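Here the structure comes first, spelled out in structure tokens, and everything after it is commentary.
The values are calculated or read from the model by the stated rules, or taken from the named source; none is laboratory data. Since this is a predicted model, take the numbers as computed values, not measurements. Cβ atoms come from the backbone with ideal geometry, glycine included; neighbour counts cover every protein chain shown. For accessibility, only protein heavy atoms count, side chains too; no ligands or nucleic acids. Shrake-Rupley method; radii C 1.70, N 1.55, O 1.52, S 1.80 Å.
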Amino acid sequence: MIKIDEEKCVGCGLCAKDCLAFNIEIHNHKAHIIKDCLHCGHCVAICPQKAVSIPEYDMEDVEEYDPDSFCLEPEQVLHAIKFRRSIRSFKPEKLAQSDLELLLQAGRYTATAKNCQGNGFIFIQEELEHLKSMVWDYIENIEVQSEKNISRDLLPYLSFNKRRKTDPTDDFLFRNAPVVLFITSDRPLDAGLAAQNIETMAVSMEIGVLYNGYLSRIANADLALKKWLGIEGETIQACMLLGYPNRRYLRTAPRKKAHVIWK
């Protein structure tokens, strides 16, 4: 529930004007909450007197606006976007927990539909070998049980497994990345936006990313794996491999001309 500190409130009305739910009224030069709402936090962010709070949220994590911290130039942002690459070869070194926490914050602060904040983030690094073992065992069982009647959707996994058996160092599915991140959500767009913000943060930290649809699909199908991950009944909407790139790209990759309509 939104809380207004009447001792701090000066009745300026900024929170009421900015409330998308029309849930704040000004009476006797003080702001008043009409009912509970979706807790978007705009009232907290806009109040010049710091009179608004949401006790259920982490208020200690709220930052004050500092013009000097908004120093990104548009050209720099575009440069970073153009230089990002899908990384398919990673160095073996692990990522620091503090770096993973920063990536989590980038995902956590991503916009979500109706401010549901329903994304879940599962980082696997310390128990990555167990994850790999469960995935390969599941693929082995598919191969044994299906015999010749194998769905076309599963054929790539059998190919990955054959490569692994032929050469144990050929980690085509996991790419030898030290970290796997699953993002769960009821809304695919929410998870996709979070993944994009995480990747942007990762690029700023010289951490490479690969979106892994194959791993996402097989993990969703394996109920035992989802139970081990602690996400029974949830849907993995995005999977990302994370680690330090083992390649250095010297220039941006070319793109087709944009399909755009200006009116």
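List of remarks:
- The set of residues from segment 211-225 being touching a strand residue (DSSP E or B) at 6+ places or on another chain (Cβ under 8 Å) and surrounded by 14 or more Cβ atoms within 10 Å (Cβ to Cβ) comprises Tyr211, Asn212, Leu215, Ser216, Ala219, Asn220.
- Flag for Lys165 being assigned to a loop (DSSP other than H, G, I, E, B), open to solvent by 40 Å² or more (accessible area, probe 1.4 Å) and either touching a helix residue (DSSP H, G or I) at 6+ places or on another chain (Cβ under 9 Å) or over 17 Å from Gln125 (Cβ atoms) (or both): no
- Residue match in segment 169-191 (condition: part of a helix (DSSP H, G or I) and either on the phi > 0 side of the Ramachandran plot or crowded, with 21+ Cβ neighbours inside 10 Å (or both)): yes
- Answer residue from segment 60-91, given it is exposed (fewer than 14 other Cβ atoms within 10 Å of the Cβ) and touching a strand residue (DSSP E or B) at 6+ places or on another chain (Cβ under 8 Å) and is nearest to Arg175 (Cα to Cα) among those: Ser89
- So Leu103, is it open to solvent by less than 80 Å² (accessible area, probe 1.4 Å), in contact (Cβ under 8 Å) with a residue 12 or more places away in the chain, in contact with a strand residue (DSSP E or B) (Cβ under 8 Å, 6 or more places away or on another chain) and closer than 25 Å to Asn220 by Cβ: yes
- Residues satisfying the stated conditions in segment 54-100, i.e. without any contact (Cβ under 8 Å) to a residue 40 or more places away in the chain and of a type in the set (S, T, N, Q): Ser69, Gln76, Gln97, Ser98
- Among the residues of segment 44-59, just one is in contact with a strand residue (DSSP E or B) (Cβ under 7 Å, 6 or more places away or on another chain) and open to solvent by 70 Å² or more (accessible area, probe 1.4 Å), namely Pro55.
- Filter result for Ile207 (more than 26 Å from Asn115 (Cα to Cα), in contact (Cβ under 8 Å) with a residue 60 or more places away in the chain and among the hydrophobic types (A, V, I, L, M, F, W, C)): yes
- In the condition set (1) in contact with a Leu (Cβ under 7 Å, 6 or more places away or on another chain); (2) under 29 Å from Ala111 (Cα atoms), Ala195 is compliant with all but (1).
- Of the residues making up segment 215-222, not a single one is in a strand (DSSP E or B), under 24 Å from Glu126 (Cβ atoms) and either touching a Ser or Thr at 6+ places or on another chain (Cβ under 9 Å) or at pLDDT 95 or above (or both).
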